[in-house]
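Structure first, commentary second.
The values are calculated or read from the model by the stated rules, or taken from the named source; none is laboratory data. Everything quoted here is computed from the prediction, not taken from an experiment. All Cβ positions, glycine included, derive from the backbone under ideal geometry; neighbour counts span all protein chains shown.
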Amino acid sequence: MLGQAGEAAAAAYLRAQGYAIVQQNYRYRRAEVDLIAQRGQELLVFAEVKTRSSIQFGHPEEFVTERKRQLFRLAAEQYQVEVNWAGDIRFDILALIQVTGGFRIEHFEDAFT
């Protein structure tokens, strides 16, 4: 439930920043991309959303492992083929911490290549 609420908050945040959400929970084989967002006609953003109830065990962005990044890239490549995307892409992480009444959101643009 916390993860779903975090993804919804992250999607709302991206919309408020001028992005259009074009896909949620895109899956390819064992890989999943939480949010795929587009800004204008030139940029497609593949976003990993990490939500935690506290930072007691570390910051959310620290939980994006190298294996997760590899799977993420694989899914992103497949999505680009499916939609025939020729523009720029970027990999972002949205790190959410639950606070009273919602979430604190940190947006790491171009978090990995």
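Looking only at residues in the stretch 37-56 that are among the aliphatic types (A, V, I, L, M) and buried (at least 16 other Cβ atoms within 10 Å of the Cβ), which one is farthest from ILE89 (Cα to Cα)?
Here is the first cut: in the stretch 37-56, the ones among the aliphatic types (A, V, I, L, M) are 37, 43-45, 47, 49, 55.
Checking the rest, the ones that are also buried (at least 16 other Cβ atoms within 10 Å of the Cβ) come to 37, 44-45, 47, 49.
Values: ALA37: 10, LEU44: 5, VAL45: 6, ALA47: 11, VAL49: 17 Å.
Step by step, filter the stretch 37-56, then rank; the result is VAL49.
Inside the stretch 33-70, can you point out the residues that are within 24 Å of GLY87 (Cβ to Cβ) and in contact with a Phe, Trp or Tyr (Cβ under 7 Å, 6 or more places away or on another chain)?
Residues satisfying the conditions are VAL33, ILE36, ALA37, GLN38, ARG39, LEU44, VAL45, PHE46, GLU48, ARG69.
Quick check, is ALA9 of a type in the set (Gly, Ala, Ser) and modelled with pLDDT of 95 or more?
Numbers: of a type in the set (Gly, Ala, Ser): yes; modelled with pLDDT of 95 or more: yes.
Answer is yes for this residue.
Please work out which residue is surrounded by the fewest Cβ atoms within 10 Å (Cβ to Cβ), limiting yourself to the stretch 2-29 and to residues that are aliphatic (A, V, I, L, M) and assigned to a strand (DSSP E or B).
Filtering the stretch 2-29 down to residues aliphatic (A, V, I, L, M) leaves 2, 5, 8-12, 14, 16, 20-22.
Next, from what is left, pick out any that are assigned to a strand (DSSP E or B): 20-22.
Details: ALA20: 11, ILE21: 16, VAL22: 14.
So the residue we want is ALA20.
Given the conditions (1) more than 18 Å from ARG104 (Cβ to Cβ); (2) within 11 Å of the chain's Cα centre (by Cα), report the number of the one that LYS50 does not fulfil.
(1)
Hey, does the stretch 43-61 have a residue that's part of a helix (DSSP H, G or I) and modelled with pLDDT under 95?
Initially, the stretch 43-61 is screened for residues part of a helix (DSSP H, G or I), giving 60-61.
Filter again for modelled with pLDDT under 95, leaving 60-61.
Yes, the stretch 43-61 has at least one match.
One residue is enough: does the stretch 77-100 have a residue meeting the conditions assigned to a helix (DSSP H, G or I) and among the polar types (S, T, N, Q)?
Keep residues of the stretch 77-100 that are assigned to a helix (DSSP H, G or I), which gives 77-83.
Now drop any that are not among the polar types (S, T, N, Q), which leaves 78, 80.
Checking the stretch 77-100: at least one residue is assigned to a helix (DSSP H, G or I) and among the polar types (S, T, N, Q).
Being at pLDDT 95 or above, buried (at least 19 other Cβ atoms within 10 Å of the Cβ), closer than 17 Å to THR113 by Cβ and among the charged types (D, E, K, R) narrows it down to one residue among ASP92, ASP34; which is it? Give the derivation first.
Working: ASP34 fails: closer than 17 Å to THR113 by Cβ.
Unique residue meeting the criteria: ASP92.
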